[in-house]
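S.K.: Please read through the structure below; I'll follow up with questions.
Quick note: the coordinates plus some simple rules give every number you see, no bench work behind them. None of the values given here were measured: they were computed from a predicted structure. Neighbour counts are summed over all protein chains in view; Cβ atoms, including those assigned to glycine, are modelled from backbone coordinates with ideal geometry.
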Amino acid sequence: MSTDCSLLSSELELQRQEEIYQQLLLKTMEKMQTENPESKVILPQPGLCVKTVTEPGKQKVFVNICQSSSVPAPGDLTREELVELLQSEDPSGYRLPMSLGEPHVEMDNKSEGCTVYDVVINQEFFQKCQKDTLFQQFVILVSFEGLENKYNLELSRDWKVLKNRKFLGSVSEQNIRTKSRPIIQEMQPQPEFTLLVEPPAGDPEYLIAEIKLPGVAVSRSLVLDIGEDRLVLNARPSLFHLDIFHPFLVNQENSVAQYNTSTQVLTVTMPVVS
């Protein structure tokens with residue numbers, strides 16, 4: 001059986017060009033990535049305890065809103081600015097640093113089992129929330145959204161703040177960041193992402209970004225902005241913030257994004273401008 005040498009040569013050339021493209025993208029991504037920030041273990045102080053239920057199962061859930069001076073303080077925000085923020089189309093523009101702890105099982109006052117989550121915010125901001133119920137409701141709402149995104153659940157907005165209890169269960173240590181990284185402004189981990197070129201050889205026609213967003217249950221939590229050579233992604237509320245530059249100029253208007261809720265991967269297809 002004879003072998004077509006020209007076809008074999010063509011395949012080798014395509015493979016070589018694909019390797020060159022992959023090396024180019026790898027170098028570009030290495031420049032964009034930064035080292036992991038330092039972290040430390042903290043023991044938060046009790047703050048307030050919120051009771052609610054899951055939807056639609058009506059399983060009892062408690063959320064401990066804790067406080068710590070080790071958690072970064074958010075930007076200054078007046079009551080008037082908060083009202084304006086809540087009425088805006090994109091309230092995710094204001095970032096509230098927080099640490100979302102792992103769920104733990106506790107016993108309530110009826111000796112019944114329940115799920116408890118611990119959320120830690122800045123101590124000074126917590127004190128501000130204690131003086132104004134609007135700020136308190138805002139923190140509870142953001143905490144609920146953060147837990148929903150991270151743990152793929154739905155919490156009822158018909159909550160109740162317990163009067164005589166600041167914490168349910170025992171206070172546990174949490175590991176938080178002590179440094180922020182340039183492209184990730186939140187305390188949650190950076191999403192993994194890859195950049196692919198199609199076709200892998202020859203003139204590029206499409207730049208494809210695949211971003212893994214563990215814990216993001218629905219696409220409505222995502223806010224995506226595509227620039228000529230930049231991609232900015234926010235996952236509400238302050239779960240992820242990704243800001244990357246890529247080595248190609250793309251057509252913003254014809255770019256398409258699709259989120260797969262099963263794999264929790266966002267795929268952004270961007271036509272490359274010749």
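S.K.: Measure up 110/160; 131/166; 60/131 against 22 Å on the Cα-Cα distance and list the ones that go over.
M.R.: Values: 110/160 17 Å; 131/166 16 Å; 60/131 28 Å.
As for pairs spanning more than 22 Å Cα to Cα, those are 60/131.
S.K.: What is the Cα centroid distance between segment 89-165 and segment 194-271, reported in whole angstrom?
M.R.: 30
S.K.: Another question, if that's okay. At residue 203 and residue 59, where each label point lies 7 Å from the Cα along Cα→Cβ, what is the point-to-point distance in nanometres?
M.R.: Result for the modelled spin labels: 5.5 nm.
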